[in-house]
Every structure is written in C-alpha cells, then in structure tokens.
Amino acid sequence: MQYLIQIYANGSVDWDSMPAAEREAITAEYIAINDRPGVIGGAQLQPVETATTVRVEDGRTLTTDGPFAETKEVLAGYYLFEADDIDAAIEVAALLPAARMGQGVEVRPLVER
C-alpha cells in the first residue's frame, strides 16, 4: 500500500532567526528520508502565497491567487511512501523534523485502483 505523508507548517518555527548550521542539519534530515527504503519521492513546496486555486464554474476556469481558505496550517511538503502497513509509514513520519518541532504530519493511505 502507498501512503502520502503530508507535512503541515503552522508558523511556529522561525527559520530566519535559526542559526545556519541548525537549518542545514534539519534540511539534511529531510533529504536523508528520501534514501529510506519504501520512500518513492517527496518535495518541499513553495510558500502558500505562491499557490493558485482553480475551480470550474459553468464551464469557465476560475483562478484565485493563494489558498482559498484561511487556515492555521498549510501544506509545506510531502513524501510518498510504500509499505505493508500504516505503522511503517507512521515510523517514517515520526522521523521528520517537523513532527518534533510542533508541526503537523499527516499519514494517509492512497486509494488503490
């Protein structure tokens, strides 16, 4: 089964004031996750302000800059992980720096067709 591990930022981490060595160490942890068995891929997303929301109404494509809904947490990155059960996916999610830094990490199984 495949699982999407979603990383949600809530603004509680001040990356700009963090020492460069600490930022680099955290980034290295995220990169190392890509080398774990079962990890198919993943990426960090650009800031939420760069998002475009797309809807189709009456056959017309409508776009809105940024996220459509106000929220305290925004999707900041993800990993796609393949494992026999959700416990293995949770184990990987718990390794993410975001999980120990007060950010939300959601694990969700993909629909298999």
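Which value, in debye to the nearest 20, describes the size of the charge dipole of the chain about its Cα centre when Lys and Arg Cβ atoms bear +1, Asp and Glu Cβ atoms bear -1, and nothing else is charged?
It works out to roughly 160 debye.
Which residues make up the longest stretch of the chain clear of GluC sites (Glu not before Pro) that lie in a DSSP loop with no more than 16 other Cβ atoms within 10 Å, not counting the sites?
Result, exposed sites excluded: 1-69.
Could you work out [θ]222 nm for the chain from helices alone, using -39500 (n - 2.57) per DSSP H run of at least four and dividing by all its residues? Round to the nearest 500 deg cm²/dmol.
Helices in the chain give a 222 nm mean residue ellipticity of -7000 deg cm²/dmol.
When Lys and Arg each count +1 and Asp and Glu each count -1, what net charge do the other residues less than 12 Å away from residue 29, Cβ to Cβ, add up to?
0
What shape does the stretch 11-50 take by its C-alpha gyration tensor, where a ≥ b ≥ c are the square roots of the eigenvalues and a/c under 1.5 counts as rounded, a/b above b/c as prolate, and the rest as oblate?
Judged from the Cα gyration tensor, the stretch 11-50 comes out oblate (a/c at least 1.5, b/c at or above a/b).
Kindly provide the pair-distance distribution of the chain built from C-alpha pairs, with 10 Å bins from 0 and whole-percent values in order of increasing distance.
12, 38, 31, 15, 3, 0
Given contacts defined as C-alpha pairs under 8 Å and at least six residues apart, what's the relative contact order of the stretch 1-100, whole-number percent?
Taking the mean separation of contacting Cα pairs over the length of the stretch 1-100, I get 45 percent.
Can you list the residues, at least 5 places off or on another chain, whose amide H is less than 5 Å from the amide H of residue 38, using H built in the peptide plane?
Amide H to amide H, under 5 Å and 5 or more residues apart or across chains, residue 38 pairs with nothing.
Can you give me the distance in nm between label points at residue 18 and residue 50, each placed 7 Å from the Cα along the Cα-to-Cβ direction?
1.8
Each value in this text was obtained by applying a stated rule to the coordinates, not by laboratory testing. None of these values were measured; they are calculated from a predicted model. Note that each Cβ is placed from the backbone with ideal geometry, even for glycine, and that neighbours are counted across all protein chains shown.
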